[in-house]
Amino acid sequence: METLTRYDLLNRYMQAVRKYLPFGRQTLRQDDILKELSANILSQMEDKEEELGHSLTEGEQAAILKQHGHPMLVASRYSLQQYLIGPALFPAYWYVLKIALVLMVLINGVVNAVLFAVGTNSMGQMLKAWLQLPWIAVITFAWVTIVFAGLEFAVTRYNTQLKIFDSWNPSTLPRMQKSGTKPVPVNALMELAPGVVFLAWWLLLPHHPWMIFGSASRFLAYSTETHRFYLPILCLLVAQLGLDAGGLIYAREAWQKIGKGVAAKCVALIMFAVLLRARTFVRIPDAVGNVVGYQQLAHVLNTCMLIGLKIGAAVVALTLLLDIGRLVWGKMQHR
Amino acid sequence: MTLDPIQFENLRMELRRGCLVLAVLAQLRAEHYGYTLRKALAERGMEIEESTLYPLLRRLESQGLLVSEWREEAKRNKRFYRLSGDGEQILQQLLEEWHGINASIHRIIDPSDSQIIDPPDSQIIDPPKY
């Protein structure tokens with residue numbers, strides 16, 4: 001018992017290590033670890049005393065314990081090494097996570113646009129739903145991580161090997177890209193030009209109605225409803241331009257280009273949904289007066305624009321379905 | 001390019017990690033308890049931190065490569081470890097592997113020692129450009 005009083009600091013150290021040791025319910029196992037650790041440290045202290053020719057001071061004892069490491073660190077070395085998601089599973093985890101996040105954004109965007117278009121949700125509710133996207137992304141991230149962490153735990157626990165990367169065939173790899181297909185920077189920028197021009201046109205419209213009405217701008221004006229959809233459409237145009245730019249930089253494979261097209265068409269559908277919420281686009285200003293001919297013209301224009309938008313939305317929806325079909329078919333061919 | 005000391009340290013640790021098990025198994029052909037084992041390894045140039053060595057001993061024992069017993073020595077109970085039958089077999093296999101790796105590295109470092117014959121120039125095909 002002499003050592004217990006001589007090496008008070010050591011006992012305190014052991015107590016601290018026990019606090020962090022695994023096997024919390026197996027006190028015998030913990031006792032065994034601490035007894036062994038204590039015996040080793042005592043031997044080291046005795047060696048040091050022999051070397052110095054005197055009993056160790058508190059500072060000298062502390063130096064030896066410090067060399068062993070923080071109690072938490074020392075205790076942690078006795079636990080089983082466990083990854084949340086180990087290197088064998090991580091590539092699959094990262095791939096699934098990216099797909100899940102993209103799908104989450106697409107599905108939410110389309111569902112919200114449809115709910116808005118059919119009149120279930122108001123513009124405010126749609127914007128609110130979009131503002132919740134980061135939170136939904138966090139939940140998606142958490143679920144994917146939990147599933148893969150569970151898989152990792154099962155693989156470690158039952159000491160099995162995952163064979164998800166074993167069943168692949170080199171002959172299904174994508175064909176080599178021809179060097180000529182890579183767009184040169186000038187051509188790439190030219191692909192963005194229509195989007196940039198349209199955006200500039202949209203920005204100029206509020207102050208220059210003649211850019212849409214021509215000479216008819218003398219007796220035609222925007223309806224009050226146009227002010228409500230102007231800003232959302234502006235945001236969507238910027239998003240579409242961003243998608244186009246991103247596609248030019250990153251979309252190298254054919255399927256990536258189709259994927260970019262799918263995303264762009266989804267954005268376009270949302271734009272159509274926003275526009276179709278409006279029933280009138282033009283009106284006759286009060287200053288012009290209640291001339292019957294002008295009122296009829298405004299009515300015809302509004303009807304034509306509505307029909308045109310519906311046809312446009314149907315065409316985009318159809319091409320979107322075709323793209324999705326090509327994407328799925330292409331993926332199946334690669335298998 | 002400047003040398004990153006942290007990068008070197010990480011690579012050094014990675015290189016040492018596998019060798020530590022080999023060194024511990026080899027040293028435990030003779031019986032030791034934790035502290036004397038650490039001293040014996042250090043005397044032969046293989047310094048190991050206590051917080052690495054002691055848990056490693058338990059792990060190797062749980063894998064059946066070591067056996068241990070509590071025994072009194074110098075008026076204190078200590079846990080003595082030595083190589084088990086399985087441990088001896090594994091050690092032999094690991095040593096063969098280590099010698100093989102060592103020889104390969106030497107051949108790579110010193111090409112005059114290499115047995116690999118370079119193909120004639122006509123057979124060399126340029127790799128595709130990506």
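The values are calculated or read from the model by the stated rules, or taken from the named source; none is laboratory data. This one's a predicted model, so the numbers in the text were calculated from it and none came from an experiment. For neighbour counting, all protein chains shown are included, and Cβ atoms are generated from backbone atoms with ideal geometry for every residue, glycine included. Just the protein is used for accessible areas: all its heavy atoms, side chains included, with ligands, DNA and RNA removed. Shrake-Rupley method; radii C 1.70, N 1.55, O 1.52, S 1.80 Å.
Computed quantities for the displayed model
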read-out	value
Count of residues meeting criterion [open to solvent by 40 Å² or more (accessible area, probe 1.4 Å) and of a type outside the set (Lys, Arg)] in the stretch B:39-85	17
Helices (runs of 4 or more DSSP H) completely within the stretch B:2-104 that count 3 or more residues being closer than 25 Å to A:Ser76 by Cβ, without any contact (Cβ under 8 Å) to a residue 12 or more places away in the chain and of a type in the set (D, E, K, R)	B:5-27
Of the criteria (1) hydroxyl-bearing (Ser, Thr, Tyr); (2) in contact (Cβ under 8 Å) with a residue 40 or more places away in the chain; (3) within 14 Å of another protein chain (Cβ to nearest Cβ), which one A:Ser43 fails	(2)
All positions within the stretch B:10-38 that are open to solvent by less than 70 Å² (accessible area, probe 1.4 Å) and more than 21 Å from B:Arg71 (Cα to Cα)	B:Arg16, B:Gly18, B:Cys19, B:Leu20, B:Val21, B:Leu22, B:Ala23, B:Ala26
Residue list for the stretch A:46-84, filter: open to solvent by 40 Å² or more (accessible area, probe 1.4 Å) and among the polar types (S, T, N, Q)	A:Ser55, A:Thr57, A:Gln67, A:Ser76, A:Ser79, A:Gln81, A:Gln82
Flag if A:Tyr13 is touching a helix residue (DSSP H, G or I) at 6+ places or on another chain (Cβ under 7 Å) and of a type outside the set (A, V, I, L, M, F, W, C)	yes
Unmet criterion (only one of (1) surrounded by 14 or more Cβ atoms within 10 Å (Cβ to Cβ); (2) within 14 Å of chain B (Cβ to nearest Cβ); (3) part of a helix (DSSP H, G or I)) for A:Thr140	(2)
Sole exception among (1) in a loop (DSSP other than H, G, I, E, B); (2) open to solvent by 80 Å² or more (accessible area, probe 1.4 Å); (3) under 29 Å from A:Lys310 (Cβ atoms) for A:Pro87, by number	(3)
Which numbered condition A:Ser55 misses (of (1) of a type in the set (S, T, N, Q); (2) more than 16 Å from B:Lys78 (Cα to Cα); (3) without any contact (Cβ under 8 Å) to a residue 40 or more places away in the chain)	(3)
The stretch A:267-309 - residue that is over 30 Å from A:Gly109 (Cβ atoms) and of a type in the set (S, T, N, Q) and, of those, surrounded by the fewest Cβ atoms within 10 Å (Cβ to Cβ)	A:Asn290
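Yes/no per residue for (1) under 15 Å from the mean Cα position of the chain (by Cα); (2) closer than 20 Å to A:Leu37 by Cα:
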| residue | (1), (2) |
| --- | --- |
| B:Leu11 | yes, no |
| B:Leu20 | yes, yes |
| B:Glu31 | no, yes |
| B:Ser62 | no, yes |
| B:Asn77 | no, yes |
| B:Tyr81 | no, yes |
| B:Ser84 | no, no |
| B:His106 | no, no |
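For every residue, the table says whether it meets (1) within 14 Å of chain B (Cβ to nearest Cβ); (2) outside any helix (DSSP H, G or I); (3) of a type outside the set (A, V, I, L, M).
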site: A:Glu50; (1), (2), (3): yes, no, yes
site: A:Ser55; (1), (2), (3): no, yes, yes
site: A:Gln67; (1), (2), (3): yes, no, yes
site: A:Ser79; (1), (2), (3): yes, yes, yes
site: A:Tyr93; (1), (2), (3): no, no, yes
site: A:Ile99; (1), (2), (3): no, no, no
site: A:Leu106; (1), (2), (3): no, no, no
site: A:Gly109; (1), (2), (3): no, no, yes
site: A:Asn112; (1), (2), (3): no, no, yes
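Residues are listed down the side, and each one gets a yes or a no for (1) touching a strand residue (DSSP E or B) at 6+ places or on another chain (Cβ under 7 Å); (2) surrounded by 11 or more Cβ atoms within 10 Å (Cβ to Cβ); (3) assigned to a helix (DSSP H, G or I); (4) modelled with pLDDT of 90 or more:
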residue	(1), (2), (3), (4)
A:Ala149	no, yes, yes, yes
A:Thr156	no, yes, yes, no
A:Gln161	no, no, no, no
A:Trp168	no, no, no, no
A:Gly180	no, no, yes, no
